[in-house]
Amino acid sequence: MSIAALDVSGTRASGDLRSDPGGFTGTLNVAGGGLDGTLGFVPAGDAQKIEAHLQASNARLPSLAVRSGRLDGNVILADGRTTLDGSVDARGLQMTGISLARLTANAKLVNGEGQVRALLAGRRGAAFEFSTLANVAADRIELTGRGSVERRPLILNQAAVLIRSGDGWALSPTSVSFAGGRAVVSGRSGSRPEVHAQLQSMPLEVLDLGWSDLDMSGVATGRLDYAWKGNRSGRADLKIRGLSRAGLVLASKPIDVGLAAIVSGNQAAVRAVAVSGGQTIGRAQARFAPIGGGDLMAELMNAPLFAQLRYAGPADTLWRLSGTEIFDLTGQVAIGADIGGRLVDPTIRGSVRSASARLESPVTGTLIEQLQADGRFNGSRLIFSRLAGTTSGGGTIEGSGTVDFSGGAAALDLSFNASQALLLNRDDITARVTGPLKVRSDGRNGTISGDLRLDKGSFTLGRASAAAAVPQLQVRHVGLDEEDVIETADLHPWKLDLEVAGNDLRARGLGIDSIWRTNLHVGGTADAPRFTGRADLVRGDYDFAGRNFRLDRGVIRFRGESPPDPLLDIRAEANVQGLNANVVVGGTGLHPEITFASVPQLPQDELLSRILFGTSITNLSAPEALQLASAVAALQSGSGNLDPINSVRRAVGLDRLRILPADIATGQKTAVAAGKYVTRKLFVEVITDGQGYSATRAEYQVTRWLSLLSSISTIGRTSANVRVSKDY
């Protein structure tokens, strides 16, 4: 019998079979649909033996997808007896609601009875691993095993026994331990399902196996019973201690909750009380009626609802339970709400008020204090008529908007007007802005947009180099597929869509202290902003080796990279030893390139000698010549520090370090000056040339514009001065 094509779910088998006494002989070649291999047919006495050797590569079958795997086994079909002996090794399995990183199993069954060993790992809301041994009989399955959920031990303290019962299976009472908690569970599947559980300090993290992204913590003690014997009936009496929800950045303040719920026929009711620090901070009750005959959770989400909520306590307890991590809300809040409609589309009446809350973002550095919120519920929306707060330095922000709870998520649509508000305060960049700002979210992802004027900002050149310099270990997994590494959940960052323009961006770092005029678009995400546009020089200075150069030209071009590494085109000039010296800084913020020029033109080593030591290269000592050669080599390779003197200053903990040229009038040779603020207003500087000359200078700042100066040196010169200064 020649089989040209046997198509099953995208896979084709073809080959030749010969009919012999006892069965068929021959081979079918399998290909397509991600499967490849052979099915060998041979008679075994009066039985038919089928030997399978199949490999899967990105195979897609009904309700199952396999990235890679192999199946080897034998099936013997005889009258009244079927024998199965085989093994499976698969990676990257996707089934309904379950993702398995790996599955290794072997089985030996005769007429459906025998043993099955399996080791599996994957993720369903939480990463899990489990190894099990199943003794299988016609109407009985006995399971033993142990594993872990998020690296916390999960153990079957006794064998779980499943017995066939009618159209389903019944689970005998089974003791399970998880991370210090214990539960005794039993139940039944089929057309009349039942669930019974007694809990003792059971961690709530185990719920992640059933509901992904739940991320609840705490321990539950109590009893849960549910059965459907013609009519629904169920009851839950639980005490939950330390209820909290944790994300990658924030975790809610733990509270204790008492919960009582009942299901009877076509109605359900629940009551709950929340306690924090021994004080009752919230109460809630709800009634669902009528509920249909489908899945209980789905019916509750869609059943007619009447509920009441009263809460007066910490805002962060409720806010962090929502799972929104980009912002953190703390302070006291009062909520009163009566809820109708359905959970998926609620109708709410009530109000929300807070007089002194605090909104903070650990990602952007935003801090809004004295936040006042007045809101009222209207249908499924919470309408804020006023949201107002202050930022440091006298900034304010006011706005309004809505939070929509329909669909089971908290969707934001908020509009604000900022005035001198410090809304970005990271280590590498800050921004005080004025203008309109919008915050929108679908409950999971969000966007912050606006057209803002930059009142005052700062950008630290080269700050990202600190993070870039952290060594990154190159990890190579030997003998481990990429699916075996169960990744943790990612923070869902908010997108940025901001236009920022202004005349007061202070750029510091790499020896530069300057003011720039900006016209930027801020995109990317809140934890990795991307800047595009340019900044043009208004004024500034450049310090190199204790010398001050005036910036006379500059453009910083941002290209949308993260972390920011803009292109630099900056020129500075100064008079050094009768020379007009120019310094041109190019390259990028992380990899600057420096070139020097002078009028009259001098070789680079001669010019550097005059900048660093205040004298010609021909007058340098041996140590000075070695230092000069090192500086020239570093600058030519592009690997040197752009500001070597300031690097030394920071390393030794000084506030000022400079090299002074020789002074013929006092007999001072090339000298080093080191200064430090003794107090906030008193600055002391010591000068020495190492050849007998030294001096001490002191400056006391009486006010912001008036200072007293004094000086005493080894040649007997003493002076006192008054300095009046003002910035224009």
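The values are calculated or read from the model by the stated rules, or taken from the named source; none is laboratory data. None of the values given here were measured: they were computed from a predicted structure. Ideal geometry is used to build each Cβ from the backbone, glycine not excepted, and the neighbour counts take in all protein chains shown. Quick note on the areas: whole protein, heavy atoms, side chains included, nothing else; ligands and nucleic acids left out. Shrake-Rupley method; radii C 1.70, N 1.55, O 1.52, S 1.80 Å.
Condition (residue is within 54 Å of the chain's Cα centre (by Cα) and not in a strand (DSSP E or B)) applied to the stretch 50-66: is it met by at least one residue?
yes
Show me the helices (runs of 4 or more DSSP H) found entirely inside the stretch 591-704 where at least 3 residues are over 29 Å from residue 564 (Cβ atoms) and at pLDDT below 75.
Output list reads 604-613, 622-637.
Can you pull out every residue in the stretch 384-443 that is open to solvent by 50 Å² or more (accessible area, probe 1.4 Å), of a type in the set (Asp, Glu) and more than 20 Å from residue 354 (Cα to Cα)?
Within the stretch 384-443, 427, 442 meet the criteria.
Give the residue that is nearest to residue 690 (Cα to Cα), with candidates limited to residues of the stretch 705-725 that are open to solvent by 90 Å² or more (accessible area, probe 1.4 Å) and outside any loop (DSSP other than H, G, I, E, B).
Here the answer is 712.
Here is a yes/no grid of residues against (1) modelled with pLDDT under 80; (2) in a loop (DSSP other than H, G, I, E, B); (3) more than 24 Å from the chain's Cα centre (by Cα):
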residue: 444; (1), (2), (3): yes, yes, no
residue: 465; (1), (2), (3): yes, no, no
residue: 472; (1), (2), (3): yes, yes, no
residue: 476; (1), (2), (3): yes, yes, no
residue: 507; (1), (2), (3): no, no, yes
residue: 530; (1), (2), (3): no, no, no
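Go through the stretch 568-578 and give me each residue that's open to solvent by 10 Å² or more (accessible area, probe 1.4 Å) and either over 18 Å from residue 513 (Cβ atoms) or not in a strand (DSSP E or B) (or both).
Within the stretch 568-578, 575, 577, 578 meet the criteria.
Take the stretch 125-164 and flag every residue that is among the small types (Gly, Ala, Ser), assigned to a strand (DSSP E or B) and surrounded by 15 or more Cβ atoms within 10 Å (Cβ to Cβ).
Selection gives 127, 134, 145, 147, 148, 160.
Quick one: which of 92, 80, 86 is over 32 Å from the mean Cα position of the chain (by Cα) and open to solvent by less than 50 Å² (accessible area, probe 1.4 Å)?
Of 92, 80, 86, the one residue that is over 32 Å from the mean Cα position of the chain (by Cα) and open to solvent by less than 50 Å² (accessible area, probe 1.4 Å) is 86.
Residue 330 is checked against (1) open to solvent by 30 Å² or more (accessible area, probe 1.4 Å); (2) modelled with pLDDT under 80 and fails just one. What number does that condition carry?
Every listed condition holds for residue 330 apart from (2).
Residue 63 is checked against (1) open to solvent by 50 Å² or more (accessible area, probe 1.4 Å); (2) touching an Asp or Glu at 6+ places or on another chain (Cβ under 7 Å) and fails just one. What number does that condition carry?
Among (1) open to solvent by 50 Å² or more (accessible area, probe 1.4 Å); (2) touching an Asp or Glu at 6+ places or on another chain (Cβ under 7 Å), the lone unmet condition for residue 63 is (2).
Report, by residue number, each residue of the stretch 544-562 that is modelled with pLDDT under 80 and either surrounded by 14 or more Cβ atoms within 10 Å (Cβ to Cβ) or in contact with a Lys or Arg (Cβ under 7 Å, 6 or more places away or on another chain) (or both).
Listed by number, the residues that qualify are 544, 545, 546, 547, 549, 562.
Given the structure, is residue 9 modelled with pLDDT under 90 and open to solvent by 40 Å² or more (accessible area, probe 1.4 Å)?
Criteria met by residue 9.
Among the numbered criteria (1) under 27 Å from residue 335 (Cα atoms); (2) surrounded by fewer than 17 Cβ atoms within 10 Å (Cβ to Cβ); (3) modelled with pLDDT under 90, which single criterion is violated by residue 215?
(2)
How about the stretch 126-143: which of its residues are out of contact with any Asp or Glu (no Cβ under 7 Å at 6 or more places or on another chain) and under 19 Å from residue 206 (Cβ atoms)?
Within the stretch 126-143, 128, 129, 130, 131, 132, 143 meet the criteria.
Please list, ordered by first then second residue, the pairs with beta carbon atoms under 7 Å, 6 or more apart or interchain, first in the stretch 103-117 and closer than 7 Å to residue 136 by Cβ, second open to solvent by less than 40 Å² (accessible area, probe 1.4 Å) and outside any strand (DSSP E or B).
113/137
Can you tell me which residue among 513, 541, 565 is in contact (Cβ under 8 Å) with a residue 24 or more places away in the chain, surrounded by fewer than 21 Cβ atoms within 10 Å (Cβ to Cβ) and not in a strand (DSSP E or B)?
Being in contact (Cβ under 8 Å) with a residue 24 or more places away in the chain, surrounded by fewer than 21 Cβ atoms within 10 Å (Cβ to Cβ) and not in a strand (DSSP E or B) holds for just one of 513, 541, 565, which is 565.
Right, residue 335: of a type in the set (A, V, I, L, M, F, W, C), surrounded by 20 or more Cβ atoms within 10 Å (Cβ to Cβ) and at pLDDT 85 or above or not?
yes
Residue 117: open to solvent by 70 Å² or more (accessible area, probe 1.4 Å), part of a strand (DSSP E or B) and modelled with pLDDT of 85 or more, yes or no?
yes
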